[in-house]
Amino acid sequence: MKSKGLLVVLSGPSGVGKGTVRKALFATDHDKKQFFYSVSATTRQARPGERDGKDYFFVSKDKFEQMIADEELLEYAEYVGNYYGTPLAYIDEMTNNGKDVFLEIEVQGALQVKRRMPDGVFIFLAPPNLRELESRIVNRGTDSPEVIAERMETARRELQLMTQYDYVVENDAVYKAVERIQTIIKAEHLKVDRFIDDVVENYLEEGEA
């Protein structure tokens, strides 16, 4: 008895550590190969160490807007002057094969996904406090003071939207955040409505035998 794979949406303010937590979570999954990462498309420039097709699909603005027109994206959003979006076909393929697919996306995009796929698992990754969040953004060393100020103002608005999510996980320490997310995923896989149709069908088949 195997349920359909989960669509897990990991979201939160810029600088909260979404990528770090997701990579640490995936590092615990080498043997099971249950977790798959849905790579987002973006028009922003790659940061040092980022690779096209692994961290993001880095595309031009014209290409991204063509993807929107062709309805190839589950969601998309414009954030600090750049587009971000989630290609749809990969998600359908993996979840139908019983695999859990993770989206690591901004808050605007997560709320779009929830409207279109409300049976997903929506996790808001929160910082211990705003001072710690700002420190993480500054120490990243990739943004100007003006961009940092803009990100912090956006973060304040986004924190007010955490009530739209199923779960809130505080990223006070990466290993603790990973453990909390693992617990959420295990519980979600045991929900009756994840596989009730398969269970009923199996019982009916046994009754006819």
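The values are calculated or read from the model by the stated rules, or taken from the named source; none is laboratory data. The model shown is predicted, which means the values in this text are computed figures rather than measured ones. Cβ sites come from the backbone with ideal geometry, for glycine too, and all protein chains shown count toward neighbours. Surface areas here come from the heavy atoms of the whole protein model, side chains and all, with no ligands, DNA or RNA. Shrake-Rupley method; radii C 1.70, N 1.55, O 1.52, S 1.80 Å.
Before moving on, here are some points about what is shown:
- With Cα atoms, 0 to 90° folded angle of helix 18-27 axis to the chain main axis: 40
- Accessible surface of segment 1-66 [probe 1.4 Å, protein heavy atoms]: carbon and sulfur percent: 50
- Bridge type composition, the chain - antiparallel percent by DSSP, nearest 5: 30
- Of the trypsin sites (Lys or Arg not before Pro) found in segment 34-67, those that fall in a DSSP loop while having at most 16 other beta-carbon atoms within 10 Å are Arg44, Arg51, Lys54.
- Anchor Lys99: lysines whose Cα lies under 21 Å away (excluding residues fewer than 8 positions away in-chain): Lys2, Lys4, Lys18, Lys23, Lys32, Lys33, Lys54, Lys114, Lys186, Lys191
- Ordering of 145-152, 133-140 by burial proxy (mean other Cβ atoms within 10 Å per residue, highest first): 133-140, 145-152
- Crossing angle, helix 107-116 versus the chain [Cα axis fit, 0-90 degrees, rounded to tens]: 30
- Pairwise centroid distance, computed over Cα atoms, of segment 38-82 with segment 129-161, Å: 21
- For segment 1-144: accessible area per residue (Å², 1.4 Å): 49
- Carbon + sulfur, % of accessible area of segment 146-187 - ligands and nucleic acids excluded, 1.4 Å: 51
- Degrees between helix 192-208 axis and first principal axis of the chain (Cα, 0 to 90, nearest 10): 20
- Taking every DSSP bridge with both residues inside segment 1-117, close to 40 percent are antiparallel.
- The C-alpha atoms of segment 32-136 occupy a region whose extents along the principal axes are 41, 35, 29 Å, arranged from largest to smallest.
- Protection proxy ranking, peptides 6-17, 172-183, 107-118, average beta carbon neighbours within 10 Å, highest first: 6-17, 107-118, 172-183
- Helical contribution to [θ] at 222 nm, DSSP H n ≥ 4, -39,500 (n - 2.57), averaged over the chain, rounded to 500: -14500 deg cm²/dmol
- For the set Lys33, Lys18, the ranking by accessible area, highest first and with no ligand, DNA or RNA atoms included, is Lys33, Lys18 under a 1.4 Å probe.
- Value of relative contact order over the chain, rounded to a whole percent, pairs C-alpha under 8 Å and six or more apart: 32
- Note on Thr142: accessible area is roughly 60 Å² with a 1.4 Å probe, heavy atoms of protein only.
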